[in-house]
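One structure, pasted below without further comment.
The values are calculated or read from the model by the stated rules, or taken from the named source; none is laboratory data. Predicted model only: the values in this text are computed from it and were never measured. Cβ sites come from the backbone with ideal geometry, for glycine too, and all protein chains shown count toward neighbours.
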Amino acid sequence: MRTAYISHRDCHAHDTGEAHPECASRLSAIEDRFVSTALFDVLRYYDAPEVTEDQLLRVHTPGHLELVRASAPESGYARLDPDTVISPATLPAARRAAGAVVLAADLVMSGEMESAFCGVRPPGHHAESRQAMGFCVYNNIAVGVAHALAAHGVQRAAVIDFDVHQGNGTEEIFSQEPRVLFCSTFQHPFFPYTPLLENAPNRVNVPLDATAKSEQFREAVTGHWLPALEQFKPEIVFVSAGFDAHRDDDMSHVSLTDQDFRWVTEQIVKVAESSASGRIISVLEGGYELNSLARCVETQVRVLMGLH
Ligand SMILES: [Zn+2]
């Protein structure tokens with residue numbers, strides 16, 4: 001299977017300060033793993049382009065874009081919210097992170113690539129239409145989904161979010177968009193503490209309590225996501241790939257294993273093969289314990305490529 005890995009050196013340069021969990025070592029750990037396991041030899045690497053203003057404006061307000069620009073310091077650090085650090089290299093990184101998902105949509109919709117993994121930071125799924133939040137500046141995956149709808153005429157796009165934190169930004173941006181089905185699992189109650197919305201034809205939220213392990217997670221997927229996805233028949237599947245529900249990751253209490261992340265990716269591949277000609281775009285969100293992060297990303301990419 002042809003799988004793209006899309007990233008950019010600017011994404012490494014985004015500096016969040018000392019001891020911030022969302023750090024450049026995350027991408028280095030993933031890419032080192034790709035090298036040590038020879039996965040880089042079979043992936044097709046692409047440099048992420050910069051997102052355009054028009055592409056951002058499909059999901060963000062002009063006020064949000066202006067505030068982000070005005071907040072970027074010439075030196076040192078500023079904050080867009082208590083968790084979201086912005087420094088001189090942040091804006092170039094954020095433009096590449098969103099641009100990566102746009103390129104992924106172009107590659108996958110044109111058939112040049114079957115799937116793509118976007119190794120990007122800052123992450124995106126907490127960023128709402130009018131505000132940055134929770135380490136996220138622009139909602140990268142939403143920008144890519146909106147591009148698939150607007151530029152490629154996609155009528156049914158699924159967004160699957162298994163990050164341990166609820167993807168409030170993606171949910172908000174597409175809440176009134178029937179062409180997007182949003183399926184998520186997340187620890188609840190937990191950050192971002194946004195109200196738990198009732199499920200709707202385009203939304204399948206499955207909260208997990210803090211003691212949840214493999215069994216509860218897999219039940220959520222098989223009992224809630226998969227029936228909705230089978231009915232929706234997505235033409236393309238986007239994945240907000242956060243690995244912070246891993247038991248080795250102390251960002252949360254939910255305790256998933258490497259095998260769970262492999263399994264969920266296998267389920268996603270089945271969905272994509274049944275209605276979307278295998279088209280999958282996975283976008284890095286959370287995951288802060290470097291060893292499990294690198295292993296789980298490697299495994300996910302191997303499953304996408306059909307290498308087991
Ligand atoms: Zn997270």
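Every residue, every condition in (1) in contact (Cβ under 8 Å) with a residue 24 or more places away in the chain; (2) over 27 Å from residue 109 (Cβ atoms); (3) surrounded by fewer than 17 Cβ atoms within 10 Å (Cβ to Cβ); (4) away from the ligand (no atom under 16 Å from the Cβ), yes or no:
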| position | (1), (2), (3), (4) |
| --- | --- |
| 204 | yes, no, no, yes |
| 211 | yes, yes, yes, yes |
| 236 | yes, no, no, yes |
| 244 | yes, yes, no, no |
| 250 | yes, yes, yes, no |
| 253 | yes, yes, yes, no |
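Residues checked against (1) touching a Pro at 6+ places or on another chain (Cβ under 9 Å); (2) within 19 Å of residue 101 (Cα to Cα); (3) surrounded by fewer than 24 Cβ atoms within 10 Å (Cβ to Cβ):
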position: 125; (1), (2), (3): no, yes, no
position: 142; (1), (2), (3): no, yes, no
position: 153; (1), (2), (3): no, yes, yes
position: 165; (1), (2), (3): yes, no, no
position: 175; (1), (2), (3): no, no, yes
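Then there is this: Residues being surrounded by fewer than 18 Cβ atoms within 10 Å (Cβ to Cβ) and either more than 20 Å from the chain's Cα centre (by Cα) or not hydroxyl-bearing (Ser, Thr, Tyr) (or both): count how many of those fall in segment 39-49.
Matching residues across segment 39-49 total 6.
In addition: Can you give me the number of residues within segment 78-117 that are touching a helix residue (DSSP H, G or I) at 6+ places or on another chain (Cβ under 7 Å) and among the hydroxyl-bearing types (Ser, Thr, Tyr)?
Summing the residues that are touching a helix residue (DSSP H, G or I) at 6+ places or on another chain (Cβ under 7 Å) and among the hydroxyl-bearing types (Ser, Thr, Tyr) in segment 78-117 gives 1.
Considering only residues that are more than 18 Å from residue 75 (Cα to Cα) and surrounded by fewer than 16 Cβ atoms within 10 Å (Cβ to Cβ), which ones fall in segment 10-36?
Matches in segment 10-36: 19, 25, 28, 32, 35, 36.
Here's a follow-up. Taking helices (runs of 4 or more DSSP H) that do not extend beyond segment 206-308, which have at least 2 residues that are touching an Asp or Glu at 6+ places or on another chain (Cβ under 9 Å)?
214-220, 258-275, 290-305
Pick from segment 262-294 the residues that are within 19 Å of residue 22 (Cβ to Cβ) and more than 16 Å from the ligand (Cβ to nearest atom): which of them is surrounded by the most Cβ atoms within 10 Å (Cβ to Cβ)?
It comes out as 294.
Mind counting the residues in segment 9-36 that are aliphatic (A, V, I, L, M) and either touching a strand residue (DSSP E or B) at 6+ places or on another chain (Cβ under 8 Å) or within 17 Å of residue 134 (Cα to Cα) (or both)?
Looking only at that region, the number is 4.
Can you confirm whether segment 166-176 contains a residue that is within 15 Å of the ligand (Cβ to nearest atom) and either at pLDDT below 95 or part of a loop (DSSP other than H, G, I, E, B) (or both)?
Yes, there is a match, as at least one residue in segment 166-176 is within 15 Å of the ligand (Cβ to nearest atom) and either at pLDDT below 95 or part of a loop (DSSP other than H, G, I, E, B) (or both).
When you check residue 186 against the structure, is it part of a helix (DSSP H, G or I), among the aromatic types (Phe, Trp, Tyr), within 15 Å of the ligand (Cβ to nearest atom) and within 28 Å of residue 115 (Cβ to Cβ), yes or no?
No; evaluated as a whole, the condition is false for this residue.
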